[in-house]
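Reviewing the structure listed below.
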Amino acid sequence: ASTLGASAAERGRYFGTAVAANHLGEAAYANTLNAEFNSVTPENEMKWDATEPNRNSFTFGNADQIVNHARSRGMRVRGHTLVWHSQLPGWVNSLGASDLRAAMTNHINQLMGRYRGQIHSWDVVNEAFVDGNSGARRSSPFQDRLGNGFIEEAFRIARAADPNAKLCYNDYNTDGINAKSNAVYNMVRDFVSRGVPIDCVGFQSHFNSASPVPSDYQANLQRFADLGLEVQITELDIAGSGTAQANDYTRVVNTCLAVSRCTGITVWGVTDKYSWRSGDTPLLFDGNYNKKPAYTAVLNAL
Ligand code: XIL
């Protein structure tokens, strides 16, 4: 096939991108999105600060715009993200444990309820572990007030809120086998053994010279898949340009294709022009929406 989405579909997978609502009015942006991708992730519009800036006062306009754009064109939607330490409005920080538990429950129920049946996978909890060798949990209002059980609580609430959505744990620097991915693996294996509802693990896959595509990427994804879970590459971008970048993209696509439970790849943006990695050119289309060597490499690998 001649587009990323159609080629991925022939391999039984989706090929998605992060989307920002404020760019949908730009013709070249929308045309590239519509032509090439068959899944979208709202880049910021479903985060807590965007959707519940004040307690129990919800704002869904920008998220609705992305969901409507996608679904009216037959694209799938990933939900991102329900419980995360970042992009959290200040009011959440000041709650005591019982209020925070109630607020987390309400937030998950409101978000998942609004889009019930319309989201293929939700990042229920994002980035709950620290970097480095400790395998420890990251400090956050949720971790600090509710304790280690907050992740399990969030997944149980999420299952009830939308039984048709795949429930994912999502993180970065967990792409290869290391102390952080070991900690996530141990948590997820425990969830599976105790019947805590979880369906998928998201590997953000933000790569650059300090954090290159790991040599044990496939082995790592496979060990999670062997727990019976889906794995998804959720926020892919690779710093660089030209042939080196193209070859790295080929390796990522081949990794997903080699793991039968790897169900899809999402790149973290349509065009280098709007990448969150300002100063880098980590995506498949350049700032003028021209296809880069990385684009051709992905299309050929699919
Ligand atoms: C980033 C967005 O791309 C930026 O626009 C925003 O300013 C900060 O967040 N991990 C995640 C994503 O899970 O939500 C982050 O997205 C990138 C890192």
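The numbers here are math on the coordinates, done by the rules we state, and not lab data. Computed from a predicted structure; not experimentally measured. Here the Cβ positions follow ideal geometry from the backbone for every residue, glycine too, while neighbour counts run over all protein chains shown.
Ala1 meets the conditions (1) in contact with a Ser or Thr (Cβ under 8 Å, 6 or more places away or on another chain); (2) over 28 Å from Ala301 (Cα atoms); (3) surrounded by fewer than 19 Cβ atoms within 10 Å (Cβ to Cβ) in every case but one. The failed one is (2). Only one entry in Asn126, Asn173 is surrounded by 19 or more Cβ atoms within 10 Å (Cβ to Cβ), more than 21 Å from Leu88 (Cα to Cα) and not small (Gly, Ala, Ser), namely Asn173. Would you confirm whether any residue within region 201-212 is more than 16 Å from the ligand (Cβ to nearest atom), assigned to a loop (DSSP other than H, G, I, E, B) and under 21 Å from Leu283 (Cβ atoms)? Within region 201-212 (the criterion being more than 16 Å from the ligand (Cβ to nearest atom), assigned to a loop (DSSP other than H, G, I, E, B) and under 21 Å from Leu283 (Cβ atoms)), the answer is yes, since at least one residue qualifies. When residues in region 222-237 are screened for being assigned to a strand (DSSP E or B) and either within 14 Å of the ligand (Cβ to nearest atom) or among the acidic types (Asp, Glu) (or both), 7 of them pass. A single entry from Tyr295, Tyr217 fulfils the requirement of being closer than 24 Å to Ser2 by Cβ and among the aromatic types (Phe, Trp, Tyr): Tyr295. Would you confirm, using the coordinates I've provided, whether Thr255 is closer than 18 Å to Ser7 by Cβ, buried (at least 22 other Cβ atoms within 10 Å of the Cβ), more than 16 Å from the ligand (Cβ to nearest atom) and of a type outside the set (Gly, Ala, Ser)? Yes; evaluated as a whole, the condition is true for this residue.
Restricting region 262-302 to residues that are assigned to a strand (DSSP E or B) and among the aliphatic types (A, V, I, L, M), the residue that is nearest to the ligand (Cβ to nearest atom) is Val267. Which of the residues belonging to region 176-197 are among the hydroxyl-bearing types (Ser, Thr, Tyr) and crowded, with 16+ Cβ neighbours inside 10 Å? Across region 176-197, the qualifying residues are Ser181, Tyr185. Looking at this structure, is Gly242 touching a residue at least 40 places away in the same chain (Cβ under 8 Å) and under 30 Å from Asn290 (Cβ atoms)? Yes; evaluated as a whole, the condition is true for this residue. Could you say whether any residue in region 126-135 is touching a Phe, Trp or Tyr at 6+ places or on another chain (Cβ under 9 Å) and away from the ligand (no atom under 16 Å from the Cβ)? Looking for residues that are touching a Phe, Trp or Tyr at 6+ places or on another chain (Cβ under 9 Å) and away from the ligand (no atom under 16 Å from the Cβ), one finds at least one in region 126-135, hence yes. Among the candidates Leu100, Leu88, the residue that is touching a Leu at 6+ places or on another chain (Cβ under 8 Å) and of a type in the set (A, V, I, L, M) is uniquely Leu100.
Contact map, region 67-96: residues that are more than 14 Å from Ser121 (Cα to Cα) paired with residues that are aliphatic (A, V, I, L, M) and outside any helix (DSSP H, G or I), Cβ distance under 6 Å, separation 6+ or inter-chain. Pairs shown: His69/Leu24; Ala70/Val40; Ala70/Val77; Val83/Val125.
Against the list (1) farther than 19 Å from Val184 by Cα; (2) surrounded by fewer than 22 Cβ atoms within 10 Å (Cβ to Cβ); (3) within 16 Å of the ligand (Cβ to nearest atom), the condition Leu111 fails is (2). For region 74-94, the set of residues classified as in contact with a helix residue (DSSP H, G or I) (Cβ under 6 Å, 6 or more places away or on another chain) and more than 16 Å from the ligand (Cβ to nearest atom) consists of Val92, Asn93, listed by residue number.
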